[in-house]
Amino acid sequence: MNINNFPRYPWLASAMSFVLPGFGQLYNGEPNKAIWLFLSFILICAPGIAFIALYMPATWMTPILALSLLLTLSIWVYGIVEAWQTAHHKQSHQLHSWQISSTYTLVFLLCLIIQLVAINYVRNHQVQAFHIPSSSMEPGILQGDILFADMRYNCPSCKSSIQHGDVAIFVYPNNRTLYYIKRVIALPRDVVRIEGQSVWVNNKLLTLGQSTPLATEVFNNRQWQVQWINSEDNKSTSMSITVPDGQALVLGDNRNASKDTRHFGTVPLLDIVGKARQIWFSATLKDGVRWERLGKVIH
C-alpha cells in the first residue's frame, strides 16, 4: 500500500547518512543504493585496510593506505550530499510499506552489529594498530610510532609461529588490560644468561658488534640493534634462567629503559597475540610528523 504526499526532509536524510553511510538513502526509499553505499564503506574500512597492511609491499603501503582513507571519506561525504539532494527533490514522495520507524531502527541496529563484527574480526584475527607510548623499543621503534601488528600469529590455525627475534605484542602479566611490545629472546627450555650488556642464549653470545650506545645482536639468520646506556642509576639486571615450558623470555631493545622479563618474569606463550609488522604513522608534539618513518618495516 502506498501513501502519497510524504515529502522527505533533506536535513533528516543527510543526518541519517552522517550517522551511517547509506541510511539516508534508505530513508529516501532507495534500498539498493543504501546497500551498496554501506557495503562499500564497510569493505574499505575493515577488510580493505587489513589487505593493505598485510599484503601490500612496504613501499606501497603508506600511499595506498592514504588513498583508501580518502576513498572512505569520499563515500561517506557523497552519501550525505546525495541524501540531501535526493530528499530535496522529493517534495511529493510515495511511501513504501516498509518505510516505517521500526524498519529504520532494525536496519540501523543490524548495520551497527555488522560493523562491530567486521571491525572486531579484523582487529582480533587479521591486523591491529598499536600506538607506542614509550622509548623501550628504541632504536628500531620510537615513542610516537603507530604500527600495524599481524594478528595471524601464534594460534592453531595461524601460519606464523613465535620465533626468536620476533617483535611481539603480548598481554602485560601484571595488568591484563594492557598490551606490551618486546622482542622474543628465548623460547621454552632455552638457557639464558644476562651479564652487564651481554646476553647469551644456549651458551651463544647474541652480541655481534658494539659501538656504545648501540649494539647488534644476532640469532641464526636474524639480526637487530639494541641500545645500552651506561647509567649508575639504571643498570641492567644480571640473571640466569632456563625458560619454563609454555613461556617466552622477552626484552626491550632499549635495555636500560625497558620493563621486561627482568622485572616481571617470563610471558606465557598464550598471551602473545601479535607480531609487529610495519609503521604506518609516526608523530610527536616536538617533531611533528616523522615522514621518513612511514612504511618502515619492523625487523
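Every read-out reported here was derived from the displayed coordinates using simple, explicitly stated rules and does not represent laboratory data. Computed from a prediction, not measured in an experiment: that's the story for all the values here. Methodologically, a virtual Cβ is constructed for each residue, glycine included, from the backbone with ideal geometry; neighbour enumeration extends over all protein chains shown.
May I ask you to derive the relative contact order of region 127-293, considering only C-alpha pairs under 8 Å and at least 6 residues apart, and to give it as an integer percent? All intermediate terms of the calculation are to be shown ahead of the outcome.
Details: 375 pairs, mean separation 47.4, N = 167.
For region 127-293, the relative contact order is 28 percent.
Do any cysteines of the chain lack a neighbour Cys whose Cβ is under 4.7 Å away, and which are they?
So far as the 4.7 Å Cβ criterion goes, CYS45, CYS111 stand without a partner in the chain.
Rounded, prolate or oblate: which fits region 78-159, taking a ≥ b ≥ c as square roots of the Cα gyration tensor eigenvalues, rounded meaning a/c under 1.5, else prolate when a/b beats b/c?
Cα axes put region 78-159 in the prolate bin.
Could you line up GLU138, GLU195 from fewest to most neighbouring Cβ atoms inside 10 Å?
Details: GLU138 22, GLU195 11.
The order, fewest Cβ neighbours first, is GLU195, GLU138.
Per residue of region 197-204, in order, report the coupling 6.51 cos²θ - 1.76 cosθ + 1.60 (Karplus, θ = phi - 60°) as ³J(HN,Hα) in whole Hz, putting x for Gly and Pro.
9, 10, 10, 10, 10, 6, 6, 10
Pairs of lysines 8 or more apart, or on different chains, with alpha carbons under 24 Å: count those in region 127-293, would you?
10
For region 127-293, take the alpha-carbon Rg, divide it by the Kirkwood Rh, and send me Rg/Rh.
With Rg and the Kirkwood Rh in hand, the quotient comes to 0.95.
How many percent of Cα pairs in region 10-125 exceed 26 Å?
Pairs farther apart than 26 Å: 27 percent.
Please turn the phi angles of region 273-282 into ³J(HN,Hα) values with the Karplus equation 6.51 cos²θ - 1.76 cosθ + 1.60 (θ = phi - 60°), one per residue in order, whole Hz, x for glycine and proline.
10, x, 10, 4, 10, 7, 8, 10, 7, 7
Starting at the first residue of region 69-83, write each ³J(HN,Hα) from the Karplus equation 6.51 cos²θ - 1.76 cosθ + 1.60 with θ = phi - 60°, in whole Hz, x for Gly and Pro.
5, 5, 5, 4, 4, 5, 5, 4, 5, 4, x, 5, 5, 5, 4
Translational diffusion coefficient, Stokes-Einstein: compute it for the chain using the Kirkwood radius over C-alpha pairs as Rh, at 4 °C and 1.567 mPa s, and state it as an integer in µm² s⁻¹. Don't skip to the end; give the middle numbers.
Details: Rh = 22.3 Å.
Value of D from the Cα-based Kirkwood radius: 58 µm²/s.
Principal axis lengths of region 129-182 from Cα atoms, whole Å, largest first?
Cα extents, longest axis first: 32, 25, 20 Å.
Taking H placed 1.01 Å from N in the peptide plane, check which residues at least 5 places from LYS296 or on another chain put their amide H under 5 Å from its amide H.
ILE279
If amide H atoms are built 1.01 Å from N in the plane of the peptide, which residues on other chains or at least 5 residues away come under 5 Å of the amide H of VAL273?
ILE169, PHE170, VAL171
Long-range amide H contacts for LYS90: which residues qualify at under 5 Å (H placed 1.01 Å from N, peptide plane, sequence gap of 5 or more or a different chain)?
Long-range HN contacts for LYS90: ARG8.
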